1. Just the residues that are open to solvent by 30 Å² or more (accessible area, probe 1.4 Å) and closer than 22 Å to Y180 by Cα, please, taken from the stretch 127-154.
2. Going through the stretch 146-201 one residue at a time, which ones are among the β-branched types (V, I, T) and part of a helix (DSSP H, G or I)?
3. Look at S198 and say whether it is over 24 Å from A314 (Cα atoms), away from the ligand (no atom under 16 Å from the Cβ) and crowded, with 24+ Cβ neighbours inside 10 Å.
4. Picking from H41, H50, which residue would you name as being under 16 Å from the mean Cα position of the chain (by Cα) and more than 21 Å from L5 (Cβ to Cβ)?
5. How about the stretch 46-72: which of its residues are away from the ligand (no atom under 16 Å from the Cβ) and either open to solvent by 20 Å² or more (accessible area, probe 1.4 Å) or of a type in the set (D, E, K, R) (or both)?
6. Go through (1) surrounded by fewer than 20 Cβ atoms within 10 Å (Cβ to Cβ); (2) more than 17 Å from L312 (Cα to Cα); (3) over 23 Å from the mean Cα position of the chain (by Cα) one by one and return the number of the condition H356 breaks.
7. Considering only the stretch 80-105, how many residues are open to solvent by less than 10 Å² (accessible area, probe 1.4 Å), within 16 Å of F33 (Cα to Cα) and of a type outside the set (G, A, S)?
8. If the Cβ limit is 7 Å and pairs must be 6+ apart or interchain, which residue in the stretch 408-419 that is farther than 12 Å from M330 by Cβ pairs with which residue that is in a loop (DSSP other than H, G, I, E, B) and open to solvent by 10 Å² or more (accessible area, probe 1.4 Å)?
Amino acid sequence: MAVDLLLGLQWGDEGKGKIVDVLTSKYNIIARFQGGPNAGHTLVFNGKKHVLHTIPSGIFHENAINLVGNGVVIDPVIFKKELEKLDEQSVNYKDKLFISRKAHIILPTHRLLDAASEASKGKAKIGSTLKGIGPTYMDKTGRNGLRIGDLELEDWEEKYRALADKHEAMIGFYDVDIQYNLAELETEFFKALKTLKSLKFIDSEEYIFQAQKEGKSILAEGAQGSLLDIDFGTYPFVTSSNTTAAGACTGLGVAPNKIGDVLGIFKAYTTRVGSGPFPTELFDEDGATMSRVGNEFGATTGRARRCGWLDLVALKYACQINGVTKLMMMKADVLSGFKTLKVCTAYNYKGQTIDHLPFNIEPENVSPIYTEMKGWNEDLTGMNSSSQLPKALNDYIDFLEKELELSITIVSVGPDREQTIFR
Ligand code: IMP
């Protein structure tokens, strides 16, 4: 059976966690394929909020298998904390949470290297979540990394020591003052490894291959968003993995011809956390309203997210790169109360009108060209069918569908599982 993909189409924080949770009952397996604890996937049900960082968002469902794929990087300390949260809620994960032996491990020194690298960049900093993501993927591509499967080998501790020592020497090369107590960090790390080792490590590509043969349905859950992709995002202000559809092939071992639907998630407006260009960013009252009503603060770092109007140039680009087949629009409720809505349909690029994403979208090169639309006042949060939606919102949806040449199949009108309208 084909593997469906679920991806964020903007700069992350689109609401992937909620939709995975909503859709999990349709799938046998939920598999994360890239990123690590830089992600914060928020799920709300039965009046309670849950935030997951590395564990797939299907974990609260009784029967779904949750797989952490080879493309993911794992911080054992954060993973252990996530498990403890699940324990508090009596979620049984032992028999349904599997980790790929090929997933790479974030060492305490990766986090220190991340901090040193960011501090050394000064004003040019990326705004990393400082979870050690970049240095861990650097070790992966540099062929120095340590993987989950290494934990089962006898020379694991030697390998660990050699890499950690090398990292310490590298930290010394940065001209910044990073304070740390490695012995303390290592005590916590080795304790967390014990917990991690109580879980099931598997050859995940083989597991997925067999599951496909048996007709099991699989949903691949992306993290971050397409505009943070290492190749196609707003480089260098990006994360260190392929967040786009191709990342699911390499991050799980799924062949391209085995991909089914590509579900693209976007917010009805745009947000970005961290540094980097953002053509439709607002610095006025409208942006402040989106931030306040949308509660736009990072689930992982608590940082305020930058807010702006929907950027269709960037969204179209993301749909193309990913081969999106269905769209899902999140946080429509946050736009209630705006008299006029703006949608960016083209850029003014060095004096020319263009409708594609150029190499350089810094503000000195690009300014957005907007189409204005009528807003709506109705509170959407209690609505549960498409027919209840205000006309102005339906017009907004129709406009987006025409521009993107894709159907919007879900409109989310609040954070709760129940606040989801299927179209
Ligand atoms: P890193 O991946 O933690 O190094 O962060 C690189 C950039 O990606 C920074 O701008 C982060 O704010 C952003 N980023 C990383 N993960 C997420 C996420 O899950 N949601 C939104 N932004 C993210």
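The values are calculated or read from the model by the stated rules, or taken from the named source; none is laboratory data. Not measured: the values here are computed from a predicted model. A quick note on method: Cβ atoms are made from the backbone with ideal geometry, for glycine too, and the neighbour counts reach across all protein chains shown. These accessible areas exclude ligands, DNA and RNA; they are computed on the full protein's heavy atoms, side chains included. Shrake-Rupley method; radii C 1.70, N 1.55, O 1.52, S 1.80 Å.
1. Listed by number, the residues that qualify are S128, T129, L130, K131, M138.
2. Across the stretch 146-201, the qualifying residues are I148, I171, T187, T195.
3. Criteria not met by S198.
4. H50
5. N46, G47, K48, K49, F60, H61, E62, N63, I65, N70
6. (2)
7. Number satisfying all stated conditions: 3.
8. Taking only residues 6 or more apart or on different chains, the pairs are T409/R423.
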